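What follows is one structure encoded as structure tokens, with my remarks underneath.
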Amino acid sequence: HVQLVESGGGSVQAGGSLRLSCAISGRPNENYFLAWFRQPPGKEREGVAAVASSGSTTYTDSVKGRFTISKDNANNTLYLQMTSLEPEDTAMYYCAAGVNVRARDYVPPASVFGYWGQGTQVTVS
């Protein structure tokens, strides 16, 4: 059983930065496919960024050049560094992990991830 816990959310003005963290426990994460999703109020959950076990990353178009996904395997932690934040980035952010996920040119759909964190709120004004 894998548990994920997000932290680092908060309120920030447009143009600011935040770094989200996702602590992963239960078993090693070296072979996991990891991702960040977000869900704005009243909208569907959408993939933001993903990183494969190989280190290959992919991002949704709206965050390319502004967000960076990374992982620290030694500390079992996933990160999302967010810069140049915009009001449109306001959402509940979730980290997710999965196994046997095929790498592709876009963030895989939520249905392929078996493990989820509780979410952390990001508000940009």
Open item on the list: Contact list please: Cβ distance under 7 Å, first residue in segment 1-12 and buried (at least 16 other Cβ atoms within 10 Å of the Cβ), second residue not in a strand (DSSP E or B), pairs at least six apart or on different chains.
Closed with: VAL2/GLY26; VAL2/ARG27; LEU4/GLY117; GLU6/GLY117; GLU6/GLN118; GLU6/GLY119; VAL12/LEU85
Task: Evaluation of PRO41 against (1) within 23 Å of SER125 (Cβ to Cβ); (2) at pLDDT 95 or above (one fails), failing number - done: (2)
Open item on the list: Between a residue in segment 56-80 that is open to solvent by less than 50 Å² (accessible area, probe 1.4 Å) and any residue that is aliphatic (A, V, I, L, M) and assigned to a loop (DSSP other than H, G, I, E, B), which pairs come within a Cβ distance under 9 Å, given they are 6 or more apart or on different chains?
Closed with: THR58/ALA52; THR58/ALA103; THR58/VAL107; TYR59/VAL107; THR60/VAL107; ARG66/LEU85
Task: Hey, TRP116 modelled with pLDDT of 95 or more, closer than 18 Å to GLN3 by Cα and open to solvent by 20 Å² or more (accessible area, probe 1.4 Å) or not - done: yes
Task: Near pairs, Cβ below 7 angstrom, 6+ apart or cross-chain, from segment 89-108 (of a type in the set (S, T, N, Q)) to any residue that is assigned to a strand (DSSP E or B) - done: THR90/VAL122; THR90/THR123; THR90/VAL124
Open item on the list: Please count how many residues of segment 90-121 are among the aromatic types (Phe, Trp, Tyr) and closer than 12 Å to ARG45 by Cα.
Closed with: 2
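Residue-wise test of (1) open to solvent by less than 60 Å² (accessible area, probe 1.4 Å); (2) within 20 Å of VAL2 (Cβ to Cβ).
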residue	(1), (2)
ARG19	no, no
PHE33	yes, yes
GLY42	no, no
MET82	yes, no
GLY98	yes, yes
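The values are calculated or read from the model by the stated rules, or taken from the named source; none is laboratory data. Everything numeric in this text was worked out from a predicted model, so none of it was measured. Neighbour counts run over all protein chains shown; Cβ positions are idealised from the backbone, glycine included. Protein only, heavy atoms only, side chains kept; ligands, DNA and RNA dropped before computing areas. Shrake-Rupley method; radii C 1.70, N 1.55, O 1.52, S 1.80 Å.
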